[in-house]
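This report refers to the structure that appears directly beneath it.
The values are calculated or read from the model by the stated rules, or taken from the named source; none is laboratory data. Computed from a predicted model, the values in this text were never measured in an experiment. Heads up, the Cβs are rebuilt from the backbone with ideal geometry, glycines too, and the neighbour counts pull from every protein chain shown. We work out accessible area using only protein heavy atoms, side chains counted, and drop any ligands, DNA or RNA first. Shrake-Rupley method; radii C 1.70, N 1.55, O 1.52, S 1.80 Å.
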Amino acid sequence: METRSKELFERAKQHIPGGVNSPVRTFQAVGRTPRFIRSARGSRIWDADGNEYIDYVCSWGPGILGHADSRVIQKVKEACDLGLTYGAPTEKEVELAELIAELIPSMEVSRLVSSGTEAVMSAVRAARGYTGKDKIIKFRGCYHGHSDGLLVKAGSGALTTSVPDSAGVPADYTKNTLVAEFNDKDSVETLFQSNPGEIAAVIVEPVAANMGVVLPEKGFLEFLRDITKDKGALLIFDEVITGFRLALGGAQEYFHVTPDLTTLGKIVGGGMPIGAYGGKREIMQMISPDGPVYQAGTLSGNPIATTAGIETLKILKEDPAVYERLETKGEKMVQAVREAAGEHVRVNQIGSLLSVFFTKKEVRDYKSAASSDVGLYAEYFGYLLDHGIYTAPSQFEAMFLSDVHTEKEIETTCQIMREALCSLRF
């Protein structure tokens, strides 16, 4: 039953573009009506019609502790009683910055912002200001938010030109954004060779999670670290998704590769809107008011968001075994899918992130991810949804696990996933 969600969707379309405030929420890619969520607790969400689901979207990543963790909620309620925003410094900002530096040592100095998009945009600006160079390299299929300079895809020149990936973005905004192929060292070397002394930074999701989950091949991140050092460019890890999710110290701890700058979002806010970027002191001293790189924000360091973030990170810090538990849950789901579908699908998983790709090809980059049968994914998604399992309404998004998903819920989910896959005609 989805009567109320349909009614709300029709109302929303009158005053909100597409009826949603972020495009993937329309369910357009899976041919369904979006579920309007009424409430969430633990591993479960309830929609406006009262339907209950085991949730594997987890608000696209922040919910590593599950929804409405009582410890976080209590701290947030207490903070709300003191006021929602001041537009002035608070002790909470200092405490969160100290905690970030402790857990991710490469982020010696950080600046809080209000979203992952803002964090990435600001980190790129800092890299350009520090190096005095204009060009950056990103990877096809890696998403870094919707700032103009990063909404690009490769043009017919493949690796040497970029055209805007959105209407309303002038080509001049993207002319300094070069696009390489994920897991392809040669494509990166080619760009450095053809743009000598002009590249300020390479920005990468250390685990790509916006073309579905795509893992870095052995040596790829190390290669990026080496070539940026050699060429006088900075390495930026976009850890908006992987930060505090793969390990307490993020992907850089997991893979033992240290970037110059890091961007954070999602978990660092414990479910509240927040972002952060940071790195070596000498680089971050370029940021105003210490230096000439300007960046500001009315709600930056919001006391409610910092409260939620501090409490969430403290909980993770006190229980590092959470990452082993999440890895075990993910492996169980992978096994269930492979048993049911065999060679007809590919499953990429790392820790609490996983994606089921409806392709027989190994998924290692954008091209292989794009070979997936989105029609089959839509059928698979629909079966799960109809049987109480809420997953990403797009082939090219990640599935997120939380610490509160119980063993019984994982077993139930695995069984329904098997049934869904067996119902398909490959």
inquiry  = If you count only protein heavy atoms with a 1.4 Å probe, what accessible area per residue comes out for the chain, rounded to a whole Å²?
reply    = 43
task = Calculate the length of the line joining the C-alpha centroid of region 261-322 to that of region 197-232, in whole Å.
result = 22
ask   = Can you give the relative contact order of the chain as a percent, counting alpha carbon pairs under 8 Å and 6+ residues apart?
value = 21
request  = For T85 and R418, calculate 0.36 nm times their separation in residues minus their Cα-Cα distance, and state this gained length in nm to one decimal.
outcome  = 115.1 nm
Label-point separation in nm, E324 to E189, each point 7 Å along Cα→Cβ = 4.1
query = Considering only protein heavy atoms, what is the solvent-accessible area of R41 at a probe of 1.4 Å, reported in Å² to the nearest 10?
reply = 150
query = Where in region 262-283 is the amide nitrogen less than 17 Å from a point lying 7 Å along the Cα-to-Cβ axis of E102?
reply = 268-270
message = Can you find, among A200, S114, A48, the residue sitting farthest towards the positive end of the charge dipole of the chain, where Lys and Arg contribute +1 and Asp and Glu -1 at Cβ?
response = A48
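Which percentage, to the nearest 5, of the DSSP beta bridges contained in the chain is antiparallel?
On the way: 28 of 45 bridges.
If we restrict to bridges inside the chain, about 60 percent are antiparallel.
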message = Rounded to the nearest 10 Å², what accessible area does H387 have for a 1.4 Å probe in the complete protein model?
response = 90
remark   = For the chain, the percent of accessible surface on carbon and sulfur atoms (probe 1.4 angstrom, ligands and nucleic acids excluded) is 50
inquiry  = Step by step: find N for region 176-309, compute 2.2 N^0.38 Å, then divide the Cα radius of gyration by it. What's the final number?
reply    = 1.12
query = Given labels modelled 7 Å from the Cα in the Cβ direction, how far is it in nm from D49 to K13?
reply = 1.6
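Once every DSSP H run of n ≥ 4 in the chain is given -39500 (n - 2.57) and the sum is divided by its residues, what mean residue ellipticity at 222 nm do you get, rounded to the nearest 500 deg cm²/dmol?
Numbers: 14 runs with 158 residues, N = 426.
Theoretical 222 nm ellipticity from helices: -11500 deg cm²/dmol.
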About the Cα centre, charge dipole magnitude for region 192-269 (Lys/Arg +1, Asp/Glu -1 at Cβ), debye = 140
inquiry  = Give me the one-decimal nm value for the distance between modelled label points at E95 and Q285, 7 Å along each residue's Cα-to-Cβ direction.
reply    = 3.0
request  = Provide K360, K92 ordered by accessible surface of protein heavy atoms (probe 1.4 Å), highest first.
outcome  = K360, K92
key: Within a Gaussian network of the chain (alpha carbon springs, distance under 10 Å), most fluctuating of A171, A308, A200   = A171
request  = For F244, tell me the accessible area in Å² from a 1.4 Å probe, rounded to the nearest 10.
outcome  = 0
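Using mean Cβ contacts within 10 Å as the protection proxy, how do 102-111, 81-90 order, highest first? Provide the component values of the computation, followed by the final result.
On the way: 102-111: 20.2, 81-90: 10.6.
Going by the mean number of other Cβ atoms within 10 Å, highest first, we get 102-111, 81-90.
Can you list, largest first and rounded to whole Å, the semi-axes you get for the chain by taking the square root of 5 times each eigenvalue of its Cα gyration tensor?
33, 27, 21
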query = Of V347, V337, F358, which is farthest on the positive side of the dipole of region 324-367, counting Cα position, with +1 on Lys and Arg Cβ, -1 on Asp and Glu Cβ, and the Cα centre as origin?
reply = F358
request  = State the answer as a single residue: which of P259, M272, G145 lies farthest towards the positive end of the charge dipole of region 141-275, with beta carbon charges of +1 for Lys and Arg and -1 for Asp and Glu, about the Cα centre.
outcome  = M272
